[in-house]
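Written out below as structure tokens is the structure these notes cover.
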Amino acid sequence: MKKFIFITGGVLSSLGKGVTSAGIGAILESMGYKITFLKLDPYLNVDPGTMNPYQHGEVYVTEDGAETDLDLGHYERFTNVVLTKYNNATSGRLLHQILEKERRGAYLGATVQIIPHFTNEIKRAIEKAAKDAEITLVEIGGTVGDIESLPFLEAIRQMSLELGRENSIFIHLTYVPYIKVAGELKTKPSQHSVKELRAIGIQPDILICRAEKNLPKDIKRKLALFTNVREDAVLSAPDLETIYEIPLHLKKEKLHQVLAKHLGLEEKEPDLSKWKKIVQTLNQIKKSDKVVDIAIIGKYAELKDAYKSIEEALTHASIANKVKVNLHWLKADDLTEENVEQILKDMDGILVPGGFGDRGIEGKITAAKFARENNIPYFGICLGMQVAVIEFARNVAGLEGAHSTEFDENTPYPVIDLMPEQKGIDKKGGTMRLGAYKCTIKEGTLAYDIYKQKEIYERHRHRYEFNPEFRPVLEEKGLVVSGEYTAKKLPEIVEIPSHRWFIGCQFHPEFKSKPFAPHPVFRDFVKAAYKYRTEKEEKDGN
Ligand code: GLN
């Protein structure tokens with residue numbers, strides 16, 4: 001069996017097409033199907049690795065080291081699939097492949113064109129992604145009507161014809177705005193979006209309608225009539241309290257039945273009991289008086305999407321501890337020695353996430369120092385680990401001016417530096433240490449207490465490393481290297497045993513956290529923060 005679900009978006013961006021696709025995947029997986037995903041992005045970058053997360057959101061890293069769109073994070077969090085570089089393709093990547101072939105002479109004699117060469121390349125990418133799956137969900141980035149996404153739409157139109165109607169289905173996610181002054185839900189934008197799709201030969205089979213509330217029957221009927229979609233296939237997708245409610249809601253709208261009927265699947269009842277539990281727990285937590293305040297010291301405090309996986313991992317940790325986590329997104333730029341106490345003194349935990357470029361770097365170092373000196377739980381991820389090492393070198397080991405050569409090439413103490421294999425590299429795209437590497441954990445450490453195993457695999461995305469030359473000096477002063485990339489003897493996890501909970505890791509644990517399997521480092525960070533808070537409260541009470 002090989003079936004395809006093609007998901008397009010209309011009217012507006014930011015409707016949650018990624019989480020909706022993930023939710024559909026979760027339903028199909030719970031019905032017992034082997035699924036996979038492909039995100040097709042219409043932009044010309046080969047991958048999002050060099051794009052600004054401030055515009056585009058986080059770059060998600062797969063196990064095999066691909067730098068991908070953040071929607072792949074949703075796919076992995078909602079399901080059991082493990083995605084690879086074949087599960088995200090951009091126009092840039094596919095065109096790059098075509099031009100390389102053209103130079104090799106693979107098309108000798110032919111005029112290389114959008115149709116059929118580009119569309120064929122798109123179809124090949126879809127087939128590759130679908131290799132081992134029974135059902136493949138193909139999400140097209142962008143909004144119908146964009147010039148850029150046309151080749152993708154043309155490719156899925158052709159593909160659906162070739163596959164046969166019972167083997168493919170088109171889902172269109174659209175928006176039904178509520179106009180307050182008129183007191184009405186408006187269907188016109190959706191009608192136009194579907195008209196646009198039909199003009200290029202795609203008749204959607206299902207409409208998923210984002211709106212503030214559930215659509216009343218008459219609106220569904222009207223949409224069905226004007227878009228040529230069956231009424232039972234016009235589904236509501238109202239704003240929900242949490243994204244983890246999406247699978248439950250889509251089941252309520254009977255999406256599984258519409259899919260089964262169209263694709264000729266056995267009519268099975270999806271078992272979403274684990275999703276129900278997650279949503280119940282999240283609702284309980286919302287009302288709970290068990291709370292922690294966590295500061296995230298980022299570069300892009302304005303756009304939470306830049307740290308999507310971290311935000312989700314903290315939600316998972318909140319579920320695991322049944323503690324409400326209040327996130328305080330703080331801009332590293334704004335932190336100074338003078339104001340740090342004022343800003344961070346009431347926090348129960350401080351997290352410094354990954355990042356590039358020197359903006360806000362001293363603010364992050366100041367935050368690490370404040371956490372260390374005041375015994376506040378600290379969690380440094382990638383750059384957050386590097387700043388903790390720099391801070392320790394400067395203020396505990398007395399290495400004045402210690403820095404990362406990323407920010408100060410002439411530092412007297414390059415405690416964070418490029419390793420030989422990174423030195424000659426001048427190409428920026430896809431050349432960092434990327435993807436999963438084995439890390440060996442030292443017994444008797446905080447890291448071991450967290451992971452409870454000696455070998456772990458975590459995903460990386462960085463160019464600079466803890467310079468092993470400085471390891472002895474820093475260890476002598478009390479920094480413990482509790483995790484190591486054994487093959488190269490590179491420190492991967494650092495901690496300070498005299499501190500109540502201080503950990504920095506060179507990798508990105510957030511990429512492997514799921515609602516049903518909260519990541520242990522995030523889980524224990526929130527646990528430590530809560531313990532610290534209760535201790536503070538007890539002290540204040542006495
Ligand atoms: N900029 C640092 C490096 O390249 C850290 C990267 C990160 O935090 N992802 O090593």
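Just so it is clear, none of the values below were taken in a lab; they were calculated from the coordinates. Values in this document were obtained by computation on a predicted structure and should not be read as measured data. Methodologically, a virtual Cβ is constructed for each residue, glycine included, from the backbone with ideal geometry; neighbour enumeration extends over all protein chains shown.
At-a-glance table
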{"read-out": "For segment 202-339, with +1 on Lys and Arg beta carbons and -1 on Asp and Glu, the positive-most of 264, 316, 248 along the dipole", "value": "264"}
{"read-out": "Assigned charges on the beta-carbon of Lys, Arg, Asp, Glu; the chain dipole about Cα centre (debye)", "value": "1860"}
{"read-out": "Net charge dipole size for segment 23-122 [Lys, Arg +1 and Asp, Glu -1 on Cβ; Debye, nearest 20]", "value": "320"}
{"read-out": "Whole-Å distance, taken between Cα centres, linking segment 82-154 and segment 311-326", "value": "38"}
{"read-out": "Translational diffusion coefficient (Stokes-Einstein; Kirkwood radius from C-alpha pairs) of segment 332-382 at 4 °C, 1.567 mPa s, in µm²/s", "value": "118"}
{"read-out": "Segment 328-338 - phi-based ³J(HN,Hα) in whole Hz, Karplus 6.51/-1.76/1.60, Gly and Pro as x", "value": "10, 7, 10, 8, 4, 3, 7, 8, 9, 3, 6"}
{"read-out": "Hull-based mean projected area of segment 418-496, where the convex hull spans the alpha carbons, in square nanometres", "value": "5.5"}
{"read-out": "Relative contact order (%) - criterion: Cα under 8 Å, at least six apart; region: the chain", "value": "15"}
{"read-out": "For segment 451-531, average projected area of the Cα convex hull in nm²", "value": "6.3"}
{"read-out": "Residue 182-residue 224 FRET efficiency (beta carbon distance; Förster radius 30 Å; 0.05 resolution)", "value": "0.85"}
{"read-out": "For segment 220-329, the fraction of alpha-carbon pairs in successive 10 Å shells from zero, as %", "value": "12, 30, 27, 19, 11, 0"}
{"read-out": "Translational diffusion of segment 141-235, µm² s⁻¹ [Kirkwood Rh, Cα pairs; Stokes-Einstein; 37 °C; 0.692 mPa s]", "value": "234"}
{"read-out": "The chain: projected area of the alpha-carbon convex hull, averaged over directions, in nm²", "value": "28.2"}
{"read-out": "Alpha-carbon centroid distance for the pair segment 44-60 / segment 1-33, whole angstrom", "value": "22"}
{"read-out": "Lys/Arg +1, Asp/Glu -1 at C-beta; segment 148-237 dipole; positive extreme among 216, 168, 234", "value": "216"}
{"read-out": "Cβ charges +1 (Lys, Arg) and -1 (Asp, Glu), total dipole of segment 291-389, debye", "value": "340"}
{"read-out": "Inter-centroid distance (Cα atoms) of segment 248-263 relative to segment 365-379, Å", "value": "49"}
{"read-out": "Cβ-derived FRET efficiency at R0 45 Å, residue 345 paired with residue 101, nearest 0.05", "value": "0.15"}
{"read-out": "Net lengthening on full extension, residue 200/residue 440 (0.36 nm per residue, minus Cα-Cα)", "value": "81.0 nm"}
{"read-out": "Over 29 Å (Cα to Cα) - which of 2/438; 3/286; 364/536; 276/308; 180/514 fall in this group", "value": "2/438; 3/286; 180/514"}
{"read-out": "Using θ = phi - 60° and Karplus 6.51 cos²θ - 1.76 cosθ + 1.60, couplings along segment 103-110 (whole Hz; Gly, Pro as x)", "value": "5, 6, x, 5, 10, 2, x, 8"}
{"read-out": "Cα-based reach from residue 428 at 13 Å (exclusive), listing aspartates and glutamates while leaving out same-chain residues under 8 positions away", "value": "47, 67"}
{"read-out": "Cβ-based net charge around residue 184, under 13 Å, with every Lys or Arg adding one and every Asp or Glu removing one", "value": "+3"}
{"read-out": "For segment 191-206, 3J(HN,Hα) per residue [Karplus equation, 6.51 cos²θ - 1.76 cosθ + 1.60, θ = phi - 60°, Hz, x = Gly/Pro]", "value": "4, 5, 5, 5, 4, 4, 5, 5, 4, 9, x, 10, 9, x, 9, 9"}
